[in-house]
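Inspection log for the structure reproduced underneath, given as structure tokens.
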Amino acid sequence: MSSHRAVTLGLAGTGRIGTSHAETLKKLPNVATVLVADADADRARTTAAVLGVEFAPDLDTLFAADLDGLIITTTTDSHPGLILRAVDAGIPVFCEKPVAADITGTLAVVDHLRNSPVPVQIGFQRRFDAGYRAAREAIRSGRLGWLHTLRATTLDPAPPPAEYIARSGGLFRDCGVHDFDIIRWVTGREIVEVYALGANRGEAFFAEADDVDTGAVLLRLDDGALATVSLTRYNGAGYDVRLEALGSKGNAIVGLDDRAPLTSVEPDRSPSPYPPYSGFMERFRPAYAEELAAFIEVATGRLENPCTPAEALEAFYVAEACELSRREGRAVEIAKVRC
């Protein structure tokens, strides 16, 4: 990228992931300026000072800057408004998932963008992880034969705060949506039916938010392959995100490294000397950097958008079907939740 014009990027939202993104962006080649803003101006000012980036006291100031792209890491309920404001101003957007809090809101954004030339990239960082990319290549090359089973896990070591859970949209929409997206992405197939169960054995605030702390999903793909997704907020052994793709000729497993928090009780096996990943930020740090570098290429017209809002909507449909299945205790076809 060294031969290309340096860009000015705005970042809205300086919470945990926004601060991490700002730190990554300032290190990327051809980024001249990173300008951060937040509803909490003091937090944005502190973040800017610590990272050595520019500070905008409010969103109006941020939008008034001559931005080449905007990164959105604010609360979910603000995503649609910020996306549309940026697009209408001709500013390319990178937005952390989800596009909106529900399908109706997501569809409204997708419809608004239908005839717009301004790109909007949605953040599904697993698409940029080396392991998932290798699994996609193995599957699509035919080396695994035909797939019969996929097993995905997203197991958090400890739950987020109660106030986060109350606004998260639930385990399937907040957490499982990454698995649903990556299953579609690595296989190139559509998920057509789900059956989901949920359980609460942890803190009371999950049930109080009408959510669950653990989930299990059985999915059917359009070619007949079956997939399972296991989710929990209480994996005490550590952060565990894996995907097993099992085929008629072979298999490909993502996340099976020395830091996977798996304990063998076989007598001839020694425990790994390496600590497990502390969470998603550590596990996927290289993928986040690749994702943001790709966004700069998208924003400057040198790369096709790797994850559009319409793509994100497909994973959200699956999450919505899982929530309906959990509540009603029955299998749900994805076609039934499409608007």
- How many residues are without any contact (Cβ under 8 Å) to a residue 24 or more places away in the chain and more than 25 Å from Phe180 (Cα to Cα) if we restrict to region 88-116? 2
- Task: For region 99-117, name all the residues that are within 22 Å of the chain's Cα centre (by Cα) and closer than 17 Å to Phe295 by Cβ.
- Result: Val99, Leu113
- Test Val212 against the criterion of being among the hydrophobic types (A, V, I, L, M, F, W, C) and not in a loop (DSSP other than H, G, I, E, B), and give yes or no. no
- Message: With open to solvent by less than 10 Å² (accessible area, probe 1.4 Å) and in a helix (DSSP H, G or I) as the only criterion, which of Glu291, Glu311, Glu297 stands out?
- Response: Glu291
- Has region 97-105 got at least one residue that is open to solvent by 40 Å² or more (accessible area, probe 1.4 Å) and of a type in the set (Val, Ile, Thr)? yes
- Answer yes if at least one residue in region 218-230 is in contact (Cβ under 8 Å) with a residue 12 or more places away in the chain, among the hydrophobic types (A, V, I, L, M, F, W, C), open to solvent by less than 10 Å² (accessible area, probe 1.4 Å) and in a loop (DSSP other than H, G, I, E, B), and no otherwise. yes
- Message: Condition first: surrounded by 21 or more Cβ atoms within 10 Å (Cβ to Cβ), in a loop (DSSP other than H, G, I, E, B), out of contact with any Pro (no Cβ under 7 Å at 6 or more places or on another chain) and not hydroxyl-bearing (Ser, Thr, Tyr). Can you find one or more residues in region 239-246 that meet it?
- Response: no
- Task: Kindly indicate the residue of region 278-288 that is open to solvent by less than 40 Å² (accessible area, probe 1.4 Å) and in a loop (DSSP other than H, G, I, E, B) and also nearest to Glu96 (Cα to Cα) among those meeting that condition.
- Result: Phe284
- Checked Ser168, Ser270 against criteria (surrounded by fewer than 18 Cβ atoms within 10 Å (Cβ to Cβ), more than 19 Å from the chain's Cα centre (by Cα) and not acidic (Asp, Glu)); the one match is Ser270
- Query: Looking at region 282-293, is at least one residue in contact with a Phe, Trp or Tyr (Cβ under 6 Å, 6 or more places away or on another chain), among the hydrophobic types (A, V, I, L, M, F, W, C), at pLDDT 95 or above and closer than 27 Å to Asp240 by Cβ?
  - Reply: yes
- Message: Consider region 213-243. How many of its residues are touching a Lys or Arg at 6+ places or on another chain (Cβ under 8 Å), among the small types (Gly, Ala, Ser) and under 16 Å from Ala199 (Cβ atoms)?
- Response: 2
- Taking region 181-213 and keeping only residues that are open to solvent by 50 Å² or more (accessible area, probe 1.4 Å) and within 30 Å of Ala162 (Cβ to Cβ), one is left with Tyr195, Leu197, Asn200, Arg201, Glu203, Ala204, Ala207, Glu208, Asp210
- Query: Can you find even one residue in region 143-160 that is surrounded by fewer than 18 Cβ atoms within 10 Å (Cβ to Cβ) and assigned to a helix (DSSP H, G or I)?
  - Reply: no
- Cross-chain or 6+ apart pairs with Cβ under 7 Å, region 182-210 first and hydroxyl-bearing (Ser, Thr, Tyr), then in a helix (DSSP H, G or I) and modelled with pLDDT of 95 or more: Thr187/Ile139; Tyr195/Ser325
- Do you know which residues across region 1-34 are open to solvent by 20 Å² or more (accessible area, probe 1.4 Å) and assigned to a strand (DSSP E or B)? Thr8, Val31, Ala32, Thr33
- Message: Looking at region 65-75, can you tell me whether even one residue there is under 30 Å from Lys336 (Cα atoms), touching a Lys or Arg at 6+ places or on another chain (Cβ under 8 Å), surrounded by fewer than 20 Cβ atoms within 10 Å (Cβ to Cβ) and touching a residue at least 24 places away in the same chain (Cβ under 8 Å)?
- Response: yes
- Task: May I ask you to list pairs of residues, at least six apart or on different chains, whose Cβ atoms are under 9 Å apart, with the first in region 255-283 being closer than 23 Å to Leu150 by Cβ and the second being at pLDDT 95 or above and exposed (fewer than 10 other Cβ atoms within 10 Å of the Cβ)?
- Result: Pro261/Gly236
- Could you please let me know if Ala89 is open to solvent by 10 Å² or more (accessible area, probe 1.4 Å) and over 18 Å from the mean Cα position of the chain (by Cα)? yes
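The values are calculated or read from the model by the stated rules, or taken from the named source; none is laboratory data. Source: prediction; values computed, not measured. Backbone-built Cβ (ideal geometry, glycine too); neighbour counts: all protein chains shown. Keep in mind that these areas ignore ligands, DNA and RNA; they rest on the heavy atoms of the full protein, side chains included. Shrake-Rupley method; radii C 1.70, N 1.55, O 1.52, S 1.80 Å.
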